[in-house]
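What follows is a short report on a single structure.
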Amino acid sequence: MNNAAMDMEPTKSWNIRLVDLTLGYEDKVILDRINASMPGGKITVILGGSGGGKSTLLRHLVGLRKPLSGKIMLDKYDLFELSDKSFRALRRRMGMLFQDGALLGSLSLADNVGLPLKEHTGLSEKTIAEVVQYNLDLVGLADYGDYYPNELSGGMRKRAGLARAMITSPPILLCDEPTSGLDPINAAQMDALLVSLKKQNPDMTIVVVSHDIESLYTIADHVMVLNNGGIAYNGSMEDLKQTKDPFLRRFLDRNTIYEETREDLRFAMRPETRNKVQNALDAWLDKG
Ligand SMILES: Nc1ncnc2c1ncn2[C@@H]1O[C@H](COP(=O)(O)OP(=O)(O)OP(=O)(O)O)[C@@H](O)[C@H]1O
Ligand SMILES: [Mg+2]
């Protein structure tokens with residue numbers, strides 16, 4: 001059969017492996033020769049400071065950018081060594097929720113969510129509409145199919161982005177900050193949604209970039225922590241919980257970060273400066 005997908009043997013769940021992988025933009029290296037794996041059929045959470053390269057890594061995993069060197073192995077396939085046809089077939093197996101939702105402004109929410117099915121399958125409009133409605137319902141946007149992206153809040157756009165990423169039931173789902181910008185209730189619902197998605201699709205490999213420690217504890221089976229262009233941790237959530245490494249504990253214990261920040265702040269301004277500024281402000285406030 002002349003079908004690229006048929007070239008690929010069926011895989012139960014897709015493991016992701018990064019091999020001596022260097023990523024960056026032009027000559028700017030963001031992640032340098034990293035080696036790590038994300039187990040198939042599990043939820044991996046990627047943590048790391050802002051600007052550390054998390055979104056960059058996802059962009060490469062989904063094949064939107066080529067690494068400077070090294071490999072991304074999806075199961076036994078070397079993503080950037082595949083023929084164009086197989087590369088496209090592999091990309092069809094990945095769903096991606098972008099950090100900002102990445103919806104098309106000129107299409108309604110329903111059309112945005114249904115787009116992958118409309119473009120790539122011969123399904124009827126009626127069937128697509130039914131699947132779209134089901135997916136919008138899943139993310140709590142059942143009544144918003146007719147809205148346009150600029151008529152929605154950031155959190156709603158994000159949930160719509162997830163509905164679109166899920167609509168093809170991809171075996172690999174990549175999510176960039178699914179809970180940022182959501183209120184605590186919606187964030188908890190998003191976590192619950194990812195966990196139930198995982199339960200319903202036990203072979204699905206889910207990779208989630210997050211800053212959200214609550215989410216980490218709720219959803220993560222496996223964790224990768226990026227730091228300074230390298231990998232500070234790659235292993236199970238269970239093992240991470242036990243770690244005594246001070247750097248890793250900072251990710252796990254918010255209070256530690258808070259205390260450290262306060263310490264830093266205390267020394268940030270010289271007392272003479274503080275007094276000088278305070279006196280000037282007092283004079284200004286008292287001015288007639
Ligand atoms: N298109 C681009 N061209 C050049 N540099 C880029 C580009 N996109 C990102 N970068 C740089 O790559 C680095 C990593 O950015 P990235 O967006 O991957 O970080 P991040 O870990 O996702 O951060 P955040 O948590 O704030 O989303 C940053 O220094 C950023 O300036
Ligand atoms: Mg990012």
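Every read-out reported here was derived from the displayed coordinates using simple, explicitly stated rules and does not represent laboratory data. These figures come from a predicted structure and were not determined experimentally. Cβ atoms come from the backbone with ideal geometry, glycine included; neighbour counts cover every protein chain shown.
Structure notes:
- Compared with the direct C-alpha span, the chain from Lys66 to Lys118 gains 16.0 nm at full extension, assuming 0.36 nm per residue.
- The angle separating the long axis of helix 254-266 from the principal Cα axis of greatest extent in the chain is about 40 degrees.
- Basic side chains Lys and Arg get +1 at the Cβ, acidic Asp and Glu get -1 at the Cβ, and with that the dipole of the range 151-233 about its Cα centre reaches some 220 debye.
- For Gly105, the shell of other residues with beta-carbons less than 11 Å away shows a net charge of 0, using +1 for Lys and Arg and -1 for Asp and Glu.
- Burial ranking of peptide ranges 189-196, 93-100, 120-127, 150-157 (average Cβ count within 10 Å, highest at the top): 93-100, 189-196, 150-157, 120-127
- Spatially near lysine pairs across the range 12-168, Cα under 23 Å, sequence gap of 8 or more or different chains: 21
- Straightening the chain between Glu151 and Ser13 buys 45.9 nm, computed as 0.36 nm per residue apart minus the Cα-Cα spacing.
- Whole-Hz couplings from phi, Karplus 6.51/-1.76/1.60, listed for the range 29-35; x for Gly and Pro: 7, 9, 10, 10, 6, 8, 10
- Low-density loop positions, GluC sites (Glu not before Pro), the range 26-124 - DSSP coil, at most 14 other Cβ in 10 Å: Glu26
- Spacing of the two label points (7 Å from each Cα toward its C-beta) at Ala192 and Ala232, in nm: 3.2 nm
- Projecting label points 7 angstrom from Cα along Cα→Cβ for Ile185 and Glu125 puts them 3.6 nm apart.
- Efficiency of FRET between Gln242 and Asp286 - r from beta-carbon atoms, R0 41 angstrom, step 0.05: 0.15
- Beta bridge orientation in the chain: antiparallel %, DSSP, nearest 5: 55 percent
- Degrees between helix 184-200 axis and first principal axis of the chain (Cα, 0 to 90, nearest 10): 30 degrees
- Top positive-direction residue, dipole computed over the chain with Cβ charges, set Ile34, Gly155, Leu115: Ile34
- Between Gln133 and Asn279, the modelled label-to-label distance comes to 7.3 nm, taking each label 7 Å out from Cα in the direction of the beta carbon.
- Placing R0 at 45 angstrom, the Cβ-Cβ distance between Asp78 and Asp100 gives a FRET efficiency of 0.90 after rounding to 0.05.
- About the Cα centre, charge dipole magnitude for the range 28-81 (Lys/Arg +1, Asp/Glu -1 at Cβ), debye: 140 debye
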